[in-house]
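Have a look at the structure below before the remarks.
Only the coordinates and a few stated rules stand behind these numbers; no lab work does. Remember, it's a predicted structure, so these values are computed and weren't measured experimentally. Cβ atoms come from the backbone with ideal geometry, glycine included; neighbour counts cover every protein chain shown.
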Amino acid sequence: MKFFADTADTAAIQDLEDSGLLDGVTTNPSIIAKSGANFLERIAEIAKICKGPVSAEVAATDFDTMMKEADKLAAIADNIVVKLPLTEDGLKVCKKLSDKNVMTNVTLCFSAGQALLAAKAGATYISPFVGRLDDISHDGLQLIEDIVTIYDNYGFETEVLVASVRHPMHIIDAAKIGADVMTCPPSVIKQLYKHPLTDKGLAAFVDDWAKTGQSIL
Ligand code: G3P
C-alpha cells in the first residue's frame, strides 16, 4: 500500500520524506486555503520535496477552464497529478489528459458507479472519500471493497486512492481490502506507530539492560 500525505504543510511533508514513508502527496482547495500559501508556489515546493506523485486540484468546474488550469498545473513539475472533480466535465478533461499521458486523480468519489466512470475515463487514481461517507452513516470501506472488486473484474489500471482517511483503522481495513494507495494527514500516519505494549515492553528492556551495567559501544 502506498502512503500519500494529505497536506500542504512542507515541514510535515519533509519529515515524512526523511522517514522513508512518503510515497506521494495530495492537496485540495480546502487544504491550500487552510495553509494560507500561494497555491502554485506551494505546489512547486512540494513537488521538489516529494519524489512521488503530487496531486494539485483545478479550481474551475467547466471543461474549457479546467483544461487550461490542468495544463498550467501539469507544467509545474513532472510528478504533478492533476486532480479533477468527478463530474461530467471533470471526466471529459480526465479523458483528454489521459490521452496525452498526463497523470490524473479523480476526486470527490462517493459511489461505485462514479468510480467505474473514472476508470473508463482513464484516471490514474480514483479518490473515494471514506470518512465523509462514514460521517453520514454510510459504510465508506464497503465502497472501497466494491471499487476494488469492479476494477479487478475488468483489469482497470486506475489505482484506488483511499481518501478522507480519519484514523488508523481506515488505513488497516483499506489495506486488507487491497486498495493501492491511502492518503491522510501526517498525524494519522504517526498514529500507526503507537501501541501501549510496545512502549511498556521497550521501557522494560531499557530498565533490564541498565541493570546489566554493560555497554554495546
Ligand atoms: O483528499 C480528500 C481529503 O482531504 C478529504 O478529507 O477529512 O475533509 O473528508 P476530509
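Observations, loosely collected:
- Relative contact order for segment 50-92, counting Cα pairs under 8 Å that sit 6 or more residues apart, in percent: 47 percent
- When the square roots of the Cα gyration tensor eigenvalues are ordered a ≥ b ≥ c, the ratio a/c for segment 83-158 is 1.5 or more and a/b does not exceed b/c, which makes its shape oblate.
- The alpha-carbon of LYS194 sits under 18 angstrom from the alpha-carbons of these aspartates and glutamates, leaving out residues fewer than 8 places away in its chain: ASP15, ASP173.
- For the chain, the 222 nm mean residue ellipticity estimated from helices alone, with every DSSP H stretch of n ≥ 4 adding -39500 (n - 2.57) and the total spread over all residues, rounds to -16000 deg cm²/dmol.
- Computed over the chain, relative contact order equals 17 percent, with contacts defined as Cα pairs under 8 Å that lie 6+ residues apart.
- Cα lying deepest toward the dipole's positive end in the chain, options MET182, SER137, VAL206, charges on Cβ: VAL206
- Taking a ≥ b ≥ c as the square roots of the eigenvalues of the Cα gyration tensor, an a/c ratio of 1.5 or more together with a/b no larger than b/c marks segment 34-136 as oblate.
- Nearest 10 degrees, 0 to 90: helix 140-154 Cα axis against the chain principal axis: 60 degrees
- Computed about the Cα centre, the dipole magnitude for the chain is approximately 180 debye when only Lys and Arg (+1) and Asp and Glu (-1) carry charge, each at its Cβ.
- The alpha carbon convex hull volume per residue for the chain rounds to 153 Å³.
- On Cα atoms only, tilt of 10-19 relative to the major axis of the chain in degrees: 60 degrees
- In the chain, taking the dipole from charged Cβ atoms about the Cα centre, the farthest positive-side position among LEU197, SER215, GLY155 is held by SER215.
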